[in-house]
Structure formats: structure tokens, C-alpha cells
Amino acid sequence: MDSLLALRRALDAHAIVSVTDLAGNILEVNDKFCETSGYPREALIGRNHRLLKSGMHDAAFYASMWSTISAGESWQGDVCNRRLDGSLYWVRSTITPIPGADGLPERYISIRTDITPLYEAERSARLAAEQLSATLSAIPDTLIELDEDGRFLRIGHGAECHDGPVFCCQLLGRNVDEAFDTVSAGQLRVALAEAIGSGQCSDLPLWIRVDGRQHFFELSGSRLPDADRKRRCLLVVHDATRRKNLETHFAFAIDGAGEGVWDLHLSSGQVKFSGHYEAMLGYAQGELAPTLDAWLSMLHPNDRLGTRTAFFGYLAGQQDSYSVEFRLRHKDGHYIWIHSRGTIVERSADGLPQRVIGLHADITARKQTEDALQLFRRLVESTDQAIRVADAAHRIIYVNPAYERMVGVRSEDVLGRRFDCIATTESAATIFPLIVAAIENGSSWQGLAQLCRPDGSKFFSLSSVQPIRDVHDGSLLYSFNTFSDHSEEIARSQALETALTEANAANQAKSSFLSSMSHELRTPLNAVIGFAQMLEFDDALDEDQHDNVAEILKAGRHLLALINEVLDLAKIEAGRVELSPEPVDARELVDECMHLVLPLARARGISLAPVAVSGTMQGDRVRLKQVLLNLLSNAIKYNRDGGSVQVSSRVQDGRLTLEVADTGPGIPAGKLGGLFEPFNRLGVENSSVEGTGIGLSICKRLVELMGGEIGAISEEGVGSRFHFSMPLADAVQAGQAAASARMDVQDAARPRQRVLYVDDNPANLKLVGQLFARRHPVDFSSAQDAQQGLALALETRPDLILLDVNMPQMDGYQLLGILRAERSLSRVPVVAVTANAMPRDIERGLAAGFAAYLTKPLDIPQFLETVDRLLAEAASRPETIA
Ligand code: ADP
């Protein structure tokens, strides 16, 4: 019994004990029960055990318990009860039925231990495990546990982890070397060794190829606490395949774009270059010093401030982005233009930028284009030419400042309007359609158009409109018009036209003046030279008188030459020379001219020789002769006594050149420039050599009129060489010309012929009468006016009539008209002998029907040659009129 009591005491000290009847009503509780539940004993005895129910267990829990104990068996379990103060406590219960005399349960005894602290600890541990599992499943990575041999112990996949196919549960228990190829297994072993060795590893690469696809992982992990002496590690496998692919694409894009990448760590000033960065600057990969200072030394001095301002402004948050253009020095020394962009990719804990990554693009070509465009723009904007550009619908899209100034508008006034908005109504109606048609046809248009300013003033524009077409389909894109204000030009040309008309009128007046002066001078000169020539042959004169006559003749001839040359020059300058180009044989021309100047040369003992002259030139025969004669006579005039003159020819580049070389004193180099100026005698005017200073200027004008060139070289003390060149003539033509030139006039034996001379000037009548008396056995008769002349003509029926033009009452033209109308006299050649020596007079005379037109003062040899020729022709003509 004592031992039973001791047992009961021990039980009361450690356990919570209660006894209930079969319905659960409490019969007995120990102190521990009251202490734990907080109820006083009297509040418990007689009450049902339900009083302590916590509500934490469902009905099935209690039903199971009751069915066990009511069957007479003990029940064990953890039960949650509620204290008097409402708080919960957990007890581990053993309920045992106490049988009665009949063996059936009579009461129940319940012994409990307070397990609340243990339960709370278990609950916390369970919660922690659940949280860990939830946390792990939230990580989008795979967790693998490896032992130190590289065996897979555990594999867990994160919620969004896609590498199930790589790290599948089949790997469990296998070794990394069995599971993967050498490379991947090696990478896993590196991570394993690092994690186990140093306790941690991070960001180690792992490439695994599965089903032909390359996966890229980053491994981080740590050693696990040793459990069973076998060392293990947990590795977090981060699938970075997508990022790696993106990086590869990015690198490809950068590479393709030819851009360079820079990566600057601000704290260290270290900069990494990749992509085309170094190649862009002419360096090999890794050749550039990776520091900011080295980079700054390549930056163009003028760009330093701007670049720093932009960069630090961006770092300080003053700008949203960093984008700047500058020049960097290429390895070769020249600068290239760079467009640099960058972005902050790392900041310190306090928000300060730590790292900036950016791109460099080489924009040198773009800059050059921009510079060219800039230059073009400045050009367009600084030119005085107005420029406007219109679109395909002919609406103005650009006008330059010159346009604004010229038209008196601002660009905004005309932009968007049709380009004829500044034209006068008439121009818009007539010219605009022409311009549109031209440019839509793909052609340009040039011309004058009248434009109108807003203030109402008008002006003429000289425009050039060009279409600008699409290079692919040829459609019209723009039209481009450059124009200038042509009003002044038009006014100037009108003024010029007026001046020209006035000049022509003045020229006309000058010609009339020269014509009358020439007539006035020639008439007395005719008498002077004519009679002096007569006296020359008069044997009755003594030597002194002969000398005087010679002086008269010399002066008269000089005066005549002057008049002739001045008239010739005036005629050439007035553009009234009629040239008849024909093939001219150079040799014949030279022979003919030499023959004429031979007496002059002989008189001074000068030898005259052609040297290898040949070829045929194209030109007016008479004028060519005039030129060569002038050069030859100069070569003789300005030669030393006993000197020589040589004529030679050469053919070159389709031209024939004749050269006349003399052995005279030559011309000083300083004077050669004035050689072909009219009236410039180069200082010989006071010498004994006669001349007018006009001959060479006539020669130059004639040669040039015939398409040739004339020039001279000279050496003082040695002589001068004058040359002129003419286009070569066609050889066949030349042959024909030569043949016709050689036609001989048969000199037939002539009967005594009759010549009638009509002139109101008795001196002239006397002179010509004496000439015939000396030269020809002709019947010479004369009359002093036209009526008398006509009567004589009808009476004597002369073979030749010489007729003065200026006569009182009836002039020579009138008389000629009558003679031509008179059947018996209509074929008699009538020669004009007149002082009207202007080219116009000669033309008129020949056109009126004079057989020849001889001007006073008479050139006797020419006079006689004409008379001889006409009389010979008359003699050879069959007589038809009886
Ligand atoms: P001019 O009637 O005076 O001879 P030209 O027009 O024929 O007029 O020549 C102009 C000038 O050129 C001459 O006055 C002379 O000074 C110079 N001149 C022309 N030919 C020669 C030459 N062969 N030698 C030297 N001087 C010459």
C-alpha cells in the first residue's frame, strides 16, 4: 500500500490526472490538472470533460477516441485543451478504462503530460521547412546537391526553371562524369572544388549540350555542413542561356554595325574596348591603353570641353542621355568623327554612377557629307542668283535669300505656293505651261519671264529651270530654278542697239563724207599726176625741170596712195569688203607680185628670189595679191641697198604660209607690238622712206577676214620676216583655177578704132586726148557735156566710150541709160572715168552697166590696160549693126 501511495505521489508530481465516469463527467482531478488548466477543483468536479475542449479537433477525432475507450481499450493521442483564461495547451494523453465487477468499463482514468513547448517547437520547425520550400520554389533556378565525389544527391527545380531536361531526376545517384561530357563535367567539378574548398563559389560558367542545343548556366554555391563526414555542396544553377544568346546577338549587331563598345569604371578610370572600337582607330585588338587618360589624349583639343560637359552633365543627371559627337585621333595621325552614346549601368549604394557602357560609331563619312551640304548651303545662300526648288506638284519648297531680295518677299510668303505665284498674269499664262511641259518631259527650260514684286514693280528674270528626277523610275521629284534680274541687261542691250544704230548712221555719214572728199581730192589730183606723167616724157624739159616734175609726181602719188589706203581701210572697217575666195596658186601669186616690185628692187640693187614656193591657198586672189605686194614692197623699202628679199612657203596643219624675209635693219622688239596699228610708222615717219603707216593694218584685217593669220619676227641688224598663212585649197579646184587663169587673150591685129570721151573738165579731156595720141592709133573724139557726147556717139558710133559721171544737166548714169537704150550703141562698152571713188560708187557704177570703173586720178597703166582690153574685145566681136 505504501508503495502504491508513493507511486500516486510521483504520478501527481509529473502528470495531469483525472478520473471520469462513462459519460465523461469529472469525478476526480489532481493538483497538476488544476494548475495546468487554471480551474479550481470545485469548478471541475461534477462537470463534463467537454469543458476543456479547445475546438482544435474535429468530431471524428473525438468519435475515434470514444469508440476506443468504450470498447475497453486504452487510447493515446495529443489533445489540445483550453484553459480557464482561454489560452490553449497541448497534452499527450493516455486514457484507460477501469473495469467494474462485471468486467465492463466503469470509469476512465486519464493521465496526461503537458507537451505544449515541444509542440510549439515542432510547429516552428515545420513552418520553417515549409517556408524554405516555398522560398526555394520561388527561385527560378535549379538547386543541386553534390557530394565531394561529384555524385548528384538532390535536384530541385525552381518555379520558372526550364532546365528540367538538363538536370532531370535520372541524374540522382550518378556521377557528373557519367552524366555529362568532359567539358561540362570539368566545369561542374571546378565549381564543386571551389565551393567545398573555399566554402563558396560564384558565377562560374557551365556549358551543357543537350539534344543539339547549347545551354549556358552560371554556377554559384556553398559547402553544406558535414553530416556524415562526407563533404557536400549545394550549387545554384542559373540558366543564362537566353541572356547569353542576347549577348551574342547584341555583339553580332554591334559587329555588323561596325560600332565599338566602351565600358568605363569611373572609380578606377579603367576602360575596356570591344567590338570595332580599336580597329576604328587603326589599332590592333588590345593595343590601346585601357585608361581614361590615354583616351582623353586622343580627343581633339577643340572637342574636349564639349565632350566633358556632356559626359559630366549626364552623370550629374542634368541630361537624360549621353550622346555627343567629337573627333578622335586615328593611329595614322588624322582625326575621325565619332558619335558616342552611353548609359550608366551601375551605381554605388548612395546612388553615384560607377560604371558607364556605351557605343562608338564612326561618322566621318556622314560628317563629310554634312560639311559638303553645309558648303553647298552656304553657296546657295550667298550667291546673287535667285534659287527656288519646287516639288513635283510645282509648289515651292525652298527659296534662297537672293530670291527673297530679288522678288521682295519672305520665304514664308511663297512656300507651299505654285512657283508661278510671282509671275505677271501674262507670263503665268504663257510661260508657266511651257516650263511645266519641259520639266515634266525631263528637259530643262531657259528663257526670260516677267515677274512681279508685291510692291507692283516688274522685272525680267533670265531663268534656267532643271528637273530633278527619281533615279529609279525617272519620275519628277523636284524642279530647280536659278534666275537673275535681267532688266538691266535688257536695258543695256537696248541702249547698245540704239548706240549701234547711231554708230551706223555716223558711219554712213562718214562714208558720204569720205566719198565726197575723195571726189573733191581726186579731180585736181588727176590733173596734177596726169600732166606730170605727160611732162615726164617731154624731151623739151631740162634736167631741173624733169626733177621738179618727178617731185610733183612723187607728192601726187603719195597723196593718192594715202587717199586710196584710207578709203580701203574705211571700207574694210565698215565691213563692206566683198571677198571671192578661190584656190590661188602660191607660186603664181609670188611670181606675179615679184614681177611688179622688181623695178623697185633693181633700183636699189636688192636681189629678189622665191625659195621653194608651192601649194594652193584659199583666198580672194586680188586681196592676197594686195597683201603680198605690201609685204614685198616693205621688204624692199625697209632694206639696205644691195640687200636681199626671199619668199618661201611651208604647209602645216592644213594651212599654207608665205614668208617674206628681208635683210633690212629690223624692228626693235619694243616696237613690234605697234606693227599692225593704223598710221603707226614705228618712228620712220621722219626718214626718207615714204609710206602712210596703213598698209600692214589693211593686210592684217584682210588676212583675218579671209580666215588667215599674219605676223612678223624681227632681229635688229639682221632683218625681218613677215608671214601670213591661209587655209589650203582643194588641189583639184586649184588646178581648174590655174587653167582658167592661163587663158590667153588673143591679141588680134586690130583696125583703127574710135574712142569717144565725154567729160565736163577740159583738163581731163586734154590729158586723155594726149594719152591716146601717144599710145594708140585710134580716132579720138571728145565732148564736154552729155548732149554733145550723145550726138557724137550717134554720129561716129565709137568702139569705146569713156564717160565722166559727175556732169551738169545730165550725168553719166543718165547718158549711159540712153546709150544702152539706143540699139546702135547698146553693145558699145562704156567706161566710167570719175572722181567718185568710194566703194559704193564703184559698185553702183558696175551694176549700172559700165564695162569698167576707172577712178581719178587716173592710174595710166591701168587706164591703158583697160582701154586695150575693151578695144580688143570690141574688135573680136562680129559687127552686127550696120
Ligand atoms: P608704211 O606705209 O609706213 O610702210 P606699213 O603699214 O606697211 O606702212 O608698215 C608700218 C611700219 O612698219 C612701217 O612704217 C615700218 O616702220 C615698219 N615696217 C614694215 N615692214 C617693215 C620691214 N620689212 N622692215 C622694217 N620695218 C618695217
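The values are calculated or read from the model by the stated rules, or taken from the named source; none is laboratory data. Owing to the predicted nature of the structure, the values given are computational and were not obtained by experimental measurement. A quick note on method: Cβ atoms are made from the backbone with ideal geometry, for glycine too, and the neighbour counts reach across all protein chains shown. The accessibility values were calculated without ligands, DNA or RNA, using every heavy atom of the protein model including side chains. Shrake-Rupley method; radii C 1.70, N 1.55, O 1.52, S 1.80 Å.
How many angstrom lie between the C-alpha centres of segment 266-344 and segment 378-423? With segment 266-344 and segment 378-423 each reduced to a Cα centre, they are spaced 43 Å.
Taking a ≥ b ≥ c as the square roots of the Cα gyration tensor eigenvalues, segment 370-485 comes out oblate, since a/c reaches at least 1.5 and a/b does not exceed b/c.
Taking a ≥ b ≥ c as the square roots of the eigenvalues of the Cα gyration tensor of segment 243-362, is the shape rounded (a/c under 1.5), prolate (a/b larger than b/c) or oblate? Oblate.
When peptides 44-57, 753-766, 457-470 are ranked by their average number of other Cβ atoms within 10 Å per residue, the highest-first order is 753-766, 457-470, 44-57.
Taking θ as phi - 60° and the Karplus parameters 6.51, -1.76 and 1.60, the scalar couplings of segment 603-613 work out to 4, 10, x, 9, 7, 10, 9, x, 10, 6, 9 Hz in sequence order, x denoting glycine and proline.
Positive contributions from Lys and Arg (+1) and negative ones from Asp and Glu (-1), summed over other residues with Cβ under 13 Å from the Cβ of F676, come out at +1. Electrostatic tally near I552: other residues with Cβ closer than 14 Å to its Cβ, Lys and Arg +1, Asp and Glu -1, net -3. Remark: segment 85-95, residue by residue, has Karplus-estimated 3J(HN,Hα) of 7, x, 6, 9, 8, 9, 10, 9, 9, 10, 9 Hz, where x stands for each Gly or Pro and the curve is 6.51 cos²θ - 1.76 cosθ + 1.60 at θ = phi - 60°. Between the C-alpha center of segment 5-55 and that of segment 526-565 there is a gap of 188 Å. Rank S323, H276, V261 by how far each Cα sits towards the positive end of the charge dipole of segment 243-362 (+1 on Lys, Arg Cβ; -1 on Asp, Glu Cβ) and give me just the farthest. After comparing all options, I get S323.
Taking the 1.4 Å solvent-accessible surface of the chain as the whole, the part contributed by carbon and sulfur is 54%.
Close amide H contacts of E582 (hydrogens built in the peptide plane, cut-off under 5 Å, sequence separation of 5 or more or a different chain): G619, D620, R621. Listed values for segment 832-845 are Karplus-derived 3J(HN,Hα) couplings in whole Hz (6.51 cos²θ - 1.76 cosθ + 1.60, θ = phi - 60°), namely 7, 10, 8, 8, 6, 9, 5, x, 4, 5, 5, 4, 4, x, and x replaces Gly and Pro. Average projection, convex hull of the Cα set of the chain: 86.0 square nanometres. In percent, rounded to a whole number, the relative contact order of the chain is 5, using alpha-carbon pairs under 8 Å and six or more apart. The H on the amide N of Q319, modeled in the peptide plane, is under 5 Å from the matching H of Y314, each at least 5 residues off or on a different chain.
The charge dipole of segment 119-239, taken about its Cα centre with unit charges on the Cβ atoms of Lys, Arg (+1), Asp and Glu (-1) only, comes to about 220 debye.
Here segment 674-692 and segment 62-116 have alpha carbon centers that stand 164 Å from each other. When the chain is described by a simple charge dipole with +1 on each Lys and Arg Cβ and -1 on each Asp and Glu Cβ, the residue from A386, L224, M726 located farthest towards its positive end is L224. Magnitude of the charge dipole for segment 86-170, about its Cα centre and with charges confined to Cβ atoms of Lys, Arg (+1) and Asp, Glu (-1), is about 480 debye.
Listed by chain and number, the lysines whose C-alpha is less than 25 Å from the C-alpha of K32, apart from same-chain residues fewer than 8 away, are K53. Largest first, the extents of the alpha carbon coordinates of segment 577-727 on the three principal axes equal 40, 29, 25 Å. For the chain, the mean residue ellipticity at 222 nm estimated from helices alone is -13500 deg cm²/dmol, where every DSSP H run of n ≥ 4 contributes -39500 (n - 2.57) and the total is divided by all residues, rounded to the nearest 500.
By definition, a body whose alpha carbon gyration tensor gives a ≥ b ≥ c is oblate when a/c is 1.5 or more and a/b is not larger than b/c, and segment 526-608 fits this oblate description. A cut-off of 5 Å between modelled amide H atoms, ignoring neighbours fewer than 5 places along the same chain, links A835 with V805, N806, K856. Charged side chains reduced to their Cβ positions (Lys and Arg at +1, Asp and Glu at -1) give the chain a dipole of some 1240 debye around its Cα centre.
If the cut-off is 21 Å between C-alpha atoms, which lysines fall inside it for K367, apart from same-chain ones fewer than 8 positions away? In chain and number order, the partners are K331. Net charge within 10 Å of I98 by Cβ-Cβ distance, Lys/Arg positive one each and Asp/Glu negative one each, not counting I98 itself? Counting the neighbours of I98, the net charge comes to 0. When the charge dipole of the chain is built from unit charges on Cβ atoms (+1 for Lys and Arg, -1 for Asp and Glu) and taken about the Cα centre, the candidate among N764, P454, V689 whose Cα reaches farthest toward its positive end is P454. Rolling a 1.4 Å probe over the protein heavy atoms gives the chain an accessible area of 54 Å² per residue.
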